[in-house]
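Enquirer: Can you keep this structure in mind? I'll have questions shortly.
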Amino acid sequence: MASTRQLKGRIRSVKSTKQITKAMQMVAASKMRRAQDATKATSEYTRTANELLTYLSSQGATKRNPLFQKRPVKGRLIIVMAADKGLAGAYNANIMKAYIQALRDDDANGVRNETIAVGRKASQFVTRLKDTEVCGTYTDLPDQPEGSEFYAILNTAVAMFEETKVDAVDIIYTKFVSSMTQTAVVERILPAGFVKTDVTAFVRDATYEPNTEVVLEGVARRLVGAEIYQALLDARASEHSMRMLAMKNATDNASDLVDDLTLEMNKARQAAITQELAEISGGAEAMK
C-alpha cells in the first residue's frame, strides 16, 4: 500500500488535472454552441443549393457546363477534414479510418487519387503515407472560414475537375447531427448534382431569368462552394462537440479517481494509527 504522503501527492495531481479538463470542457461547450448556430444558419441555404443543382441537372441545363460533366472515374480528389488539435475523443481517428478506406477502394478499382488535407492532424497523417500525392494542406482555419484558405480549397477542386485532372471530388468530414451524434461521411461534390435530393415545389416552380443556362453559369461554382463551406462548419461543430464530451468524461473519471485515492488514503491513515496504538499498548504492557 502506498504511503499517506504519496497518496496526497497523487490526489493533488489528479485534482489539478481535473481543473484543466473541466476548463477545456467549458471552452469546448462554448465553441460548440457558436459552431452549432453557424451550422444551422447555413444548412437551409446548402439544402436549397443541393435542390437547385439536382433540379437543373434533371432539366438538361447542365449538358454544356463543365462542373456537371460525368466521366468514368479514373482519378479523384479527396478533401479530408480533421482537427488541428487532439483531445477530441475518436474524432480524428474516425476521419482517418474513412480516409484509409477510400484509398483502399481506389487501389482496388485502379483509381489514382490526390488529397487536400484540412487540419493539422490530417496534414500530419497524409504526409506520412507512402505513395500518397498531396496537392494542398491547410491548418488553423477559423471556425467560420471565409478567407483565402476557403477559396483556395474551392478553386483548386474546381480547377482540377474542369481541367480533367480528376473525374470526381469527394469530401471526407464529420457530419454534425446533434451534440451527441456525429458521423464521419464521404460526400461527392463534383460532378455537381451527383447527390440527388428531393426537389420542393419552391425550386421546381421557380422562374429562372433570363434562362436556366445563364442562371446555372452564374451560380454553379457558388453552390459547390456552399457544399464545401457547410462541410467545414459541420466538421468544426463536430470537433467541439466531441472534445466537450471527451473532457467531460475525463473530468468525471478524475472525480472518481480522487474518491478512490481518498478512500485508500483514509485506510492507510487508519492502518497507521492502529499500528501506533498497538505499539503503545505493547510498550505499556512490557513496562508492567
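FYI, it's all coordinate maths here, none of it is from the lab. The model shown is predicted, which means the values in this text are computed figures rather than measured ones. Cβ: placed from backbone, ideal geometry, glycine included. Neighbour counts: every protein chain shown.
Enquirer: Under 19 Å from the Cα of Lys74, which aspartates and glutamates turn up, not counting those fewer than eight places away in the same chain?
Expert: Output for Lys74: Asp105, Asp106, Asp107, Glu114, Asp131, Glu133, Glu162, Glu163, Asp167, Asp170, Glu187.
Enquirer: Hey, what number do you get for the chain at 222 nm if only DSSP H runs of n ≥ 4 count, each worth -39500 (n - 2.57), divided across all residues, to the nearest 500? Each step should come with its number before you reach the end.
Expert: Working: 6 runs with 178 residues, N = 288.
The helix contribution divided over the chain gives -22500 deg cm²/dmol.
Enquirer: Assign one of three labels to region 1-127, namely rounded, prolate or oblate, based on the Cα gyration tensor with a ≥ b ≥ c the square roots of its eigenvalues; rounded applies when a/c is under 1.5, prolate when it is not and a/b is larger than b/c, and oblate otherwise.
Expert: On the way: a/c = 4.85, a/b = 2.02, b/c = 2.41.
Oblate is the answer for region 1-127, as a/c is 1.5 or above yet b/c matches or exceeds a/b.
Enquirer: Hey, another quick one. Rounded if a/c is under 1.5, else prolate if a/b is larger than b/c, else oblate: which is region 24-245, with a ≥ b ≥ c the root eigenvalues of its Cα gyration tensor? Walk me through the intermediate numbers first.
Expert: Values: a/c = 2.09, a/b = 1.28, b/c = 1.64.
It comes out oblate by the Cα gyration axes.
Enquirer: If the cut-off is 16 Å between C-alpha atoms, which lysines fall inside it for Lys85, apart from same-chain ones fewer than 8 positions away?
Expert: Leaving aside lysines fewer than 8 places away in the same chain, those within reach of Lys85 are Lys31, Lys121.
Enquirer: Taking Cα pairs under 8 Å and at least six residues apart, what relative contact order does region 24-245 come out at, in percent?
Expert: Numbers: 367 pairs, mean separation 78.5, N = 222.
In percent, rounded to a whole number, it is 35.
Enquirer: Charges at C-beta only: +1 for Lys and Arg, -1 for Asp and Glu. How large is the resulting dipole of the chain about its Cα centre, in Debye rounded to 20? Show your work: numbers first, answer last.
Expert: On the way: 39 positive and 35 negative charges, 149 e Å.
With Lys and Arg at +1 and Asp and Glu at -1, about 720 debye.
Enquirer: Cβ under 13 Å from Val219's Cβ, Val219 left aside: what net charge do those residues give with Lys, Arg +1 and Asp, Glu -1? Working shown, then result.
Expert: Values: positive: Arg221, Arg222; negative: Glu51, Glu209, Glu213, Glu217, Glu227.
So the surrounding residues net to -3.
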